[in-house]
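What follows is a short report on a single structure.
Values quoted throughout were computed directly from the atomic coordinates according to the rules given, and no laboratory measurement underlies them. All values reported here derive from a predicted model rather than from experimental measurement. Cβ placement follows ideal geometry from the backbone for every residue including glycine, while neighbour counts extend to all protein chains displayed.
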Amino acid sequence: MSKFLNIPKEQFESMRAAAETEAQAILKVRNAVIYEANEAKRKAEDNAKEKLELERINAEARKAEAELKLKQMEAEEKTQKLKKRKRVGCISVIILIIAYFWISSSIKSCQEEREAQQYLSSYAEERMTGNDEINSEEIGIDDNSSVEEMLEKRFDYVSESAHYFEIKKGGKFGIADLKGNVKIKPKYDYISSADEELGIVEVRKGGKYGMVSLKSLAEIIRPKYDYISSVSEESKTIEVRANSKYGLLSSVDLTEIIEPTYDYIGSYNEETGLFEVRKNSKYGLFSPKLKKEVVSCIFSYISYEGGLYQVRKDGKRGYLNADGSILKPLR
């Protein structure tokens, strides 16, 4: 301190000013570093937000692409059906003319001939005026094309398959039998091709899927599922989903084995005859044959290895037999 006291006042003031200038420079550098750090942090946050937004946009794009693909497939299927439609108006008239001359040549009595002529003329007139009540059975002709023509006068679109007529009115689809009787009025948004193996037609209404029997042409499962999978030949089951939950139908009688309850249903194990299932993040085992859980959903982990199920719960490990019974308790 005595050293500084001996410094002339002018020199001391100069040293103090230099020190203050250097301190200000250091402060500016510090502020600049803090600013750069804040800018880097802000840019990183912006980049993270942009990344999340980009992921969201990509997810929406994938969803839109999937929906567009589904609509394109439906449109293509409808286009193929439209191409198969038969225009049989001229054929019906030719059939009537042939029937007329055949009856005329076969009837000996003039009176019978006049009655036959009046009958055919009346039928032709009703066909020309669009009477919806006429069908092929009324004149004894087993001709589905005549039935299709009759249906075309009542509906916007008609397509024939081996088991039924698909009909459309007001943007909705329904089903008529091969005699022209409407079995299900147009109410569906979509009707799939017939599944001969299951004996059903898959239908959709309001985004939900159901089934119609090919035999009775009646709705056997109302549209209530978000998704219906193909048949599992090994387990004789069909996986269904409703409200993000999974269940099973029997492919034998199309009854519900288990209503949509699970968050996940794993692959069918042919050796054990069981499904691995998950509910509320816990795993268990379900038997489609017994239509019930043989092991409740209480385990955090389950895996089939070497003829046994290894399970874990609360950090402990145990083993189950192939039928789900306990072999080694948790420990």
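Mind checking the alpha-carbon convex hull of the stretch 229-331 and giving the volume per residue in Å³? Before the final figure, lay out each step's value.
Values: hull volume 8.7 nm³, N = 103.
Looking at the stretch 229-331, the number lands at 85 Å³ per residue.
Please find the FRET efficiency linking Ile220 to Ser267, where r is the Cβ-Cβ separation and R0 is fixed at 41 Å, and quote it to the nearest 0.05.
Values: r = 27 Å, r/R0 = 0.66.
Here the calculated transfer efficiency is 0.90.
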Using θ = phi - 60° and the Karplus relation 6.51 cos²θ - 1.76 cosθ + 1.60, list the HN-Hα couplings for the stretch 318-331 in order, rounded to whole Hz, with x at every Gly or Pro. x, 9, 10, 5, 4, 8, x, 6, 6, 9, 10, x, 5, 6
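Can you tell me how the stretch 267-309 classifies by the Cα gyration tensor, rounded, prolate or oblate, using a/c under 1.5 as the rounded cut?
Taking the square roots of the gyration eigenvalues as a ≥ b ≥ c, the stretch 267-309 is oblate.
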Please list, ordered by chain and number, the residues whose modelled amide H lies under 5 Å from the amide H of Lys291; skip anything fewer than 5 residues away on the same chain. none
Could you go through the stretch 193-205 in sequence order and give the Karplus-derived ³J(HN,Hα) for each residue, using 6.51 cos²θ - 1.76 cosθ + 1.60 with θ = phi - 60°, rounded to whole Hz, and x for Gly and Pro? 5, 5, 9, 5, 5, 7, x, 9, 10, 7, 10, 10, 9
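Let's see if you can work this out: charge +1 on each Lys and Arg Cβ, -1 on each Asp and Glu Cβ, no other charges. What is the dipole magnitude of the stretch 1-41 about its Cα centre, in debye to the nearest 20?
Values: 6 positive and 6 negative charges, 28 e Å.
Rounded to the nearest 20 debye, it is 140 debye.
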When the charge dipole of the stretch 1-41 is computed with +1 at the Cβ of Lys and Arg and -1 at the Cβ of Asp and Glu, the Cα pointing farthest to the positive end, of Ile7, Ala25, Asn38, is that of Ile7
List the pairs from Lys245/Lys291; Lys169/Lys208; Lys292/Lys313; Lys168/Lys289 whose alpha-carbon separation is above 29 Å, in the order I gave them. Lys168/Lys289
Label-point separation, Asp314 to Lys41 (7 Å along Cα→Cβ), nm: 4.4
